[in-house]
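Nothing in this text is a laboratory measurement; each read-out follows from the coordinates by a stated rule. These figures come from a predicted structure and were not determined experimentally. For neighbour counting, all protein chains shown are included, and Cβ atoms are generated from backbone atoms with ideal geometry for every residue, glycine included.
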Amino acid sequence: MIRLCFHGAESTGKSVLSTRLAAELGLPLVTEYGRDYAEAHGTDFTMADLLAIAAGHEAAVRAVEQAGAALCLLDTDPLMTAAWAEMLFGAVPTELLAYPKADLYLLFEADVPWVEDGTRLFGTADERARFAAVTEAMLVRARVPFTRIAGTWDEREAATRAAIMPYIRS
C-alpha cells in the first residue's frame, strides 16, 4: 500500500487538508492517533505514551492495508511521534524509527498562524521554530523522501494536491 504522510509542526494544516482531500478524492485516511490519545489521556506525555501512540497509529494503518486499500493518506506517523519524543525528552527510542515509512512525506512549514486547540504544546515563536526544525531533521535522519508545503492556505492546498496526484493516478 502506498502511504502519503502529512508531517510537520503543530497548527500547520495537516489535519484539515488530509481530511478534506481524503473525502474529496475518496481515499482512506488514518487520522492523527496522537490527537485522539491526547484528548482521552491528556498531554502530560511520558515516553510510554509516545510508544503507545506510535503503536496505535501503525495498527490503524495496518487495518486500512488489510482492508485492501492501494493508497492511504496519513495524518502523521511514528516519525512525527519521534519528533515529539525529541522535543519532549531529548531522545528518540529506536522503536519509533523502526516502523514502516511512508512513500512520501509532505513537510508542512510553520509559516501560518498558530491556533490553540487544547492539545497543542509549542505555541511560542521559538518553540514553534524549534519543533519545525525537529520535524524536518527527523525526515532527514530517516532518509525518506519529502516535499515542502508552505505559503497561504490556498498555496498549501495546491502544493499538496500537486504532490499527491502522481501517486493517485498511478
message: Please give the charge dipole size of the range 2-169, origin at the Cα centre, charges +1 on K and R Cβ atoms and -1 on D and E Cβ atoms. Round to the nearest 20 debye.
response: 580
task: Specify which residue in the list T43, A142, A23 is farthest towards the positive end of the charge dipole of the range 2-169, using unit charges on the beta carbon of Lys, Arg (+1) and Asp, Glu (-1), about the Cα centre.
output: A142
- prompt: Would you list C5, C72 from fewest to most Cβ contacts within 10 Å?
  reply: C72, C5
- line: Asserting the computed 222 nm helical MRE of the chain (DSSP H runs at least 4 long, -39500 (n - 2.57) per run, divided by residue count, to nearest 500) equals -17500 deg cm²/dmol
- line: Membrane-span-like helices (DSSP H runs, Cα span along own axis at least 15 Å, mean Kyte-Doolittle at least 0.5) in the chain -> 47-66, 78-89
message: Take D154 and R20, extend 7 Å from each Cα along the Cα→Cβ direction, and tell me the distance between the two endpoints in nm.
response: 1.2
